[in-house]
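Shown next, in structure tokens, is the structure this report addresses.
Laboratory data are not the source of any read-out in this text; all were calculated from the coordinates shown. Quick caveat: nothing in here was measured; it's all calculated off a predicted structure. Methodologically, a virtual Cβ is constructed for each residue, glycine included, from the backbone with ideal geometry; neighbour enumeration extends over all protein chains shown.
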Amino acid sequence: MRIRCGCSAISKTPTDKRAGEHKPKEEPDERPPPLETEPTPSLEGEETLGGEPDWRSRIKLPRGKSLRVHAAQGVVINSLFQIGLASIGLIQRLGIAAFLTQTEYGIWGLIVTTLVTLSWLKQVGVSDKYVQQDGVDQELAFQKAFTLELLYSAALYGLVLAALPVYAVLYGQGEIVVPGAVLGLVLVVSALQTPIWIAYRQMQFVRQRVLEAINPVVALIVTFALAAAGYGYWSLVIGGVAGAVVAAVAAVLTSPFKLALRYDRGTLGEYFSFSWPLLVSSAGSIVIVQGTVLVANFSVGLAGVGILGLATTVALFADRVDAVIRQTIYPAVCAVRDRRDVFFETFVKSNRIGVIFGLAFGLAFALFASDLVTFVLGDRWEDATGVLQAVGVIVGIRQIAFNWTVFIRADGDTRPLAVNTIVVMAAFILITAPLILTLGLTGWVIGFAASVVIDLIVRTYYLGKLFPGFRMAGYLLRSLLPSIPGPAAVLLIRTLETGPRSAGLAIAELAVYFVVTAAATFVFERALITEVTSYLRGRKQRLAPA
């Protein structure tokens with residue numbers, strides 16, 4: 001690798017804006033109405049957007065394909081990969097429970113919670129800023145971003161090594177130090193996976209997702225092989241490191257740009273301006289998660305922490321589809337951020353698609369959590385049933401406007417994300433933590449629900465500033481309507497049931513739930529579904545109202 005230092009920032013076009021600048025917001029009476037006609041030529045052809053460089057210079061669109069069609073088809077490609085990979089992760093974490101006791105799973109929960117929350121400090125938007133920038137020399141821009149990512153990852157790993165003994169004392173579990181230090185190597189190794197960012201910025205979905213799929217697939221294979229051999233939670237540690245190493249090797253070997261160290265103080269300042277609110281947000285999230293584990297460990301013990309770990313797995317899976325959409329559209333949203341009508345339309349429609357899955361999954365989990373425990377996890381997890389049911393409902397509701405972070409980042413002013421986390425962190429300190437101490441896991445559920453409500457209020461405020469005229473109440477009602485018939489049908493069937501419950505009956509009810517939910521979704525969202533499917537076929541379609 002080469003090291004080259006300088007003071008010049010990445011070259012920018014005259015229309016580029018620094019990450020920390022406020023973009024002027026349009027007044028309510030000036031906001032264009034939602035598009036209800038064919039896309040304008042600048043979105044479908046090769047013309048420029050608001051004087052900016054043509055987005056075909058930054059996004060690798062197949063010839064003759066519009067950005068709308070490419071993004072819609074990208075959601076499908078990413079969904080096929082990410083839903084499959086999320087399922088692999090869910091299978092890994094739920095399946096491994098069959099090999100571990102609650103105490104062993106609790107120890108793993110302490111290890112992964114400690115490292116995952118500390119690794120949130122790594123999510124300071126380096127990749128997001130790299131996607132947003134429009135440097136003339138893209139290889140140089142990538143090398144500068146890679147340098148910042150590598151240096152920051154190494155520093156963060158040093159923090160992990162220093163923090164692990166402290167957490168071991170706080171938890172009263174000294175055995176988390178060594179496996180935690182080994183698993184923490186993933187933070188440094190993952191910096192070598194930055195060539196994936198290039199495919200992400202260019203919206204080369206298949207290449208990006210194939211490279212990203214290597215890590216979880218390898219981790220799954222290694223983890224279950226070692227678990228079957230009796231390695232306990234070490235199977236998860238070794239599997240995680242193995243997956244990260246193999247994925248890094250593949251990314252480096254296939255990178256279109258050379259990896260080199262290019263440190264630049266101007267670039268550092270530009271990235272810092274964009275990233276410091278995200279760092280504050282990550283730090284606040286760490287306080288919430290680590291505080292939850294510490295308070296729960298004191299109040300309900302290691303077995304209770306294991307139940308919270310399982311509930312968190314469910315919450316993360318519910319978020320994955322929304323994450324697929326966010327990751328897919330972010331480069332396109334950055335490209336059209338000055339087209340406020342398209343900007344708003346993209347927010348509304350992408351979120352409605354995310355809610356269709358997230359709310360359906362959450363309510364399904366609430367309805368069938370007891371069957372999961374009875375027929376899959378076993379009686380040892382019976383105490384988790386009520387928590388899993390409540391979490392299913394809460395995370396389903398949380399999907400509403402969940403992708404607002406994409407549009408805040410693309411707009412350039414990331415400070416609302418820091419404010420949101422600080423408010424939610426205050427809710428944890430004042431509401432959730434005291435409830436856990438007094439009511440145990442029930443208190444955590446109540447506090448989690450209160451935090452989600454507060455989070456929605458903050459989102460509503462900032463979305464009103466970003467999109468003048470946006471009203472959450474009507475949007476909330478429209479999001480909930482397609483999800484009501486499915487649970488109603490299942491509950492009606494259960495009132496007519498007689499005799500003992502069987503796995504076959506549970507599967508039949510699950511099928512009824514998804515069929516009814518799919519039919520209701522088509523009825524309420526027919527225009528949106530028709531529009532999206534037309535893009536998947538590569539055809540132009542009259543746009544559904546946003």
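Before moving on, here are some points about what is shown:
- Separation between Cα centres of the range 207-258 and the range 271-315, rounded to whole Å: 24 Å
- Trypsin sites (Lys or Arg not before Pro) restricted to the range 389-471 and DSSP loop, no more than 11 other C-beta within 10 Å: Arg471
- For a label point 7 Å along the Cα-to-beta-carbon line of Glu175, residues of the range 289-312 with backbone N under 12 Å: none
- Note, ³J(HN,Hα) from phi for the range 380-387, Karplus 6.51, -1.76, 1.60, rounded to Hz, x at Gly and Pro: 4, 9, 4, 5, 7, 4, x, 5
- Treating r as the C-beta distance of Leu439 and Asp338 and R0 as 60 Å, the FRET efficiency rounds to 0.75.
- For Leu253 and Glu497, a Förster radius of 41 Å and the Cβ-Cβ distance give a FRET efficiency of 0.15, rounded to the nearest 0.05.
- Per-residue ³J(HN,Hα) for the range 166-173, Karplus 6.51 cos²θ - 1.76 cosθ + 1.60, θ = phi - 60°, Hz, x for Gly and Pro: 5, 5, 4, 5, 5, 7, x, 10
- Put simply, the amide H of Arg262, placed in the peptide plane, has neighbours under 5 Å in Arg4, Thr147, leaving out anything fewer than 5 places away on its chain.
- Under 12 Å from a label point set 7 Å out along the Cα-to-Cβ vector of Leu505, no amide N atom of the range 372-413 is found.
- Based on Cα contacts under 8 Å between residues 6+ apart, the range 66-536 shows a relative contact order of 19 percent.
- Scalar couplings 3J(HN,Hα) for the range 404-411, obtained by applying the Karplus form with A = 6.51, B = -1.76, C = 1.60 to θ = phi - 60°, are 4, 4, 4, 7, 5, 5, 5, 6 Hz; x denotes Gly and Pro.
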